[in-house]
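Let me begin by presenting the structure, written as structure tokens, before commenting on it.
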Amino acid sequence: MTFDEFRASTTEPRPRANLTPALLALWHDGRGDWNAAHQVAQDVEGADGAWIHAYLHRKEGDLANAGYWYRRAKKAECRESLDSEWASIVSAMLAAAS
């Protein structure tokens with residue numbers, strides 16, 4: 001799946017069946033459902049889950065918590081727009097899933 005296909009899928013009523021948990025969390029966030037995104041992200045293991053978690057807490061405005069998750073992900077705290085960071089994470093997760 002390409003980035004543009006993934007972004008377009010966020011307008012569909014249900015996620016595609018083949019999404020990894022990381023992409024499912026990002027799909028929910030792309031639809032504006034932070035709570036569902038956070039619920040799924042809590043079960044994503046490792047650095048990928050930590051990166052998504054960091055982004056979600058940054059979006060929530062909890063920068064201290066976001067900083068903790070960026071450190072767990074071994075990523076610098078993002079200074080880009082939220083949309084740009086979402087796109088970067090989606091692109092990385094799509095590449096990892098292929």
Subset of region 60-75 that is among the basic types (Lys, Arg) and in a helix (DSSP H, G or I) - its residue that is surrounded by the most Cβ atoms within 10 Å (Cβ to Cβ): 72
Within region 18-52, tally of residues that are in contact with a Gly (Cβ under 7 Å, 6 or more places away or on another chain) and acidic (Asp, Glu): 0
Selection within region 76-98 - in a loop (DSSP other than H, G, I, E, B) and more than 18 Å from residue 16 (Cα to Cα): 76, 77, 78, 79, 80, 81
Hey, residue 19 assigned to a helix (DSSP H, G or I) and either of a type outside the set (S, T, N, Q) or touching a Ser or Thr at 6+ places or on another chain (Cβ under 6 Å) (or both) or not: no
Qualifying residues in region 27-37 (those that are among the small types (Gly, Ala, Ser) and not in a loop (DSSP other than H, G, I, E, B)) - the one nearest to residue 60 (Cα to Cα): 37
Scan of region 4-29 for residues that are within 20 Å of residue 75 (Cβ to Cβ) and either polar (S, T, N, Q) or touching a residue at least 40 places away in the same chain (Cβ under 8 Å) (or both), ordered by number: 20, 22, 23, 26, 29
Filter result (farther than 29 Å from residue 14 by Cβ and among the aliphatic types (A, V, I, L, M)) within region 27-65: 63, 64
Cβ-Cβ under 7 Å pairs, at least 6 apart or on other chains, region 46-64 side at pLDDT 95 or above, far side outside any helix (DSSP H, G or I) and of a type outside the set (Lys, Arg): 52/44; 58/78
Identity of the residue in region 13-45, within 16 Å of residue 94 (Cα to Cα) and of a type in the set (Gly, Ala, Ser), that ends up surrounded by the fewest Cβ atoms within 10 Å (Cβ to Cβ): 17
Considering residues of region 81-94 that are surrounded by fewer than 14 Cβ atoms within 10 Å (Cβ to Cβ) and either hydroxyl-bearing (Ser, Thr, Tyr) or modelled with pLDDT under 95 (or both) only, the residue farthest from residue 1 (Cα to Cα): 81
Some residue of region 38-59 being of a type in the set (Phe, Trp, Tyr), outside any loop (DSSP other than H, G, I, E, B) and over 11 Å from the mean Cα position of the chain (by Cα): no
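The values are calculated or read from the model by the stated rules, or taken from the named source; none is laboratory data. All figures in this text were calculated on a predicted structure; none of them were measured in a lab. Glycine gets a Cβ as well: all are built from the backbone with ideal geometry, and neighbour counts include every protein chain shown.
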